[in-house]
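Below you'll find the structure, written out as structure tokens, and then a few comments.
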Amino acid sequence: VLITFIFSCKKESGCNYTCKNGGTQNADCSCNCPFGYSGLDCSLVAPCLSNHTGQITTNNHKNDPYNIYINSIYKGQVSSYSSYTVYSLPDGYCTIKWEQASGYILYPTIYTQSATVTDCSDNGFDLN
């Protein structure tokens, strides 16, 4: 009797709603939403998709903190043995510079890298 009640509330097609934006329906009627979409029926658009932004995450495995510069603009500092994420970077090519924040004032250790930021991307970099 319980099984009849559960299925009796569903439409003949099997589920009460359809997944939007290319989402696929699971057997339990939940949606697998494509990248950049979420919500019960995949109708919520991630801000990074509509704003054309991505992010860069630095994982610092070193004993010293590093200042982070993107396109020569200071964005923050990653502490020793921690992570730091710079959000809402516009899509496109960028250069990243990590400069040792303490320890060697005259000749700090500097790392540089280039990256291409795309919609909702998370470019991860490790300082080892």
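Close Cβ contacts (under 8 Å, 6 or more residues apart or on different chains) running from residues in the stretch 108-120 that are closer than 30 Å to Pro34 by Cα and in contact (Cβ under 8 Å) with a residue 12 or more places away in the chain to residues that are surrounded by 13 or more Cβ atoms within 10 Å (Cβ to Cβ) and acidic (Asp, Glu) comprise Val117/Asp91; Thr118/Asp91; Asp119/Asp91.
For (1) over 23 Å from Pro47 (Cα atoms); (2) touching a helix residue (DSSP H, G or I) at 6+ places or on another chain (Cβ under 6 Å), each residue gets a yes or a no:
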{"position": "Tyr81", "(1), (2)": "yes, no"}
{"position": "Val86", "(1), (2)": "no, no"}
{"position": "Tyr93", "(1), (2)": "no, no"}
{"position": "Ile96", "(1), (2)": "yes, no"}
{"position": "Pro108", "(1), (2)": "yes, no"}
{"position": "Cys120", "(1), (2)": "no, yes"}
{"position": "Gly124", "(1), (2)": "no, no"}
{"position": "Leu127", "(1), (2)": "yes, no"}
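Is it true that Gln100 is surrounded by 12 or more Cβ atoms within 10 Å (Cβ to Cβ) and farther than 30 Å from Cys19 by Cβ? Full working, then the answer.
Details: surrounded by 12 or more Cβ atoms within 10 Å (Cβ to Cβ): yes; farther than 30 Å from Cys19 by Cβ: yes.
Yes.
Is it fair to say Ile73 is open to solvent by 40 Å² or more (accessible area, probe 1.4 Å) and of a type in the set (A, V, I, L, M, F, W, C)? Spell out how you get there, then give the answer.
Working: open to solvent by 40 Å² or more (accessible area, probe 1.4 Å): yes; of a type in the set (A, V, I, L, M, F, W, C): yes.
Yes, satisfied.
Pairing residues of the stretch 45-58 that are on the phi > 0 side of the Ramachandran plot with residues that are assigned to a loop (DSSP other than H, G, I, E, B), at Cβ distances under 7 Å and at least 6 apart in sequence or on separate chains, gives His52/Asp91; His52/Asp119.
Search the stretch 20-37 for residues being more than 13 Å from the chain's Cα centre (by Cα) and not in a loop (DSSP other than H, G, I, E, B), and hand back the single one that is farthest from Gly76 (Cα to Cα). Per the stated criteria, the residue is Gln25. Looking across the stretch 83-96, the residues that are under 12 Å from Phe125 (Cα atoms) and surrounded by fewer than 17 Cβ atoms within 10 Å (Cβ to Cβ) come down to Ser83, Thr85.
Show me the strands (runs of 3 or more DSSP E) entirely contained within the stretch 38-128 in which 3 or more residues are of a type in the set (S, T, N, Q). Working first, answer last.
Numbers: elements: 53-60, 66-70, 73-78, 82-90, 92-100, 110-117, 122-127.
Here the list reads 53-60, 82-90, 110-117.
Scanning the stretch 41-69 for residues that are β-branched (Val, Ile, Thr) and closer than 15 Å to Leu127 by Cβ, we see that the one that is surrounded by the fewest Cβ atoms within 10 Å (Cβ to Cβ) is Thr57.
The values are calculated or read from the model by the stated rules, or taken from the named source; none is laboratory data. Everything numeric in this text was worked out from a predicted model, so none of it was measured. Every residue, glycine as well, gets a Cβ built from its backbone with ideal geometry; the counts of neighbours run over all protein chains shown. These area figures cover heavy atoms from the full protein model, side chains too; ligands, DNA and RNA do not enter into them. Shrake-Rupley method; radii C 1.70, N 1.55, O 1.52, S 1.80 Å.
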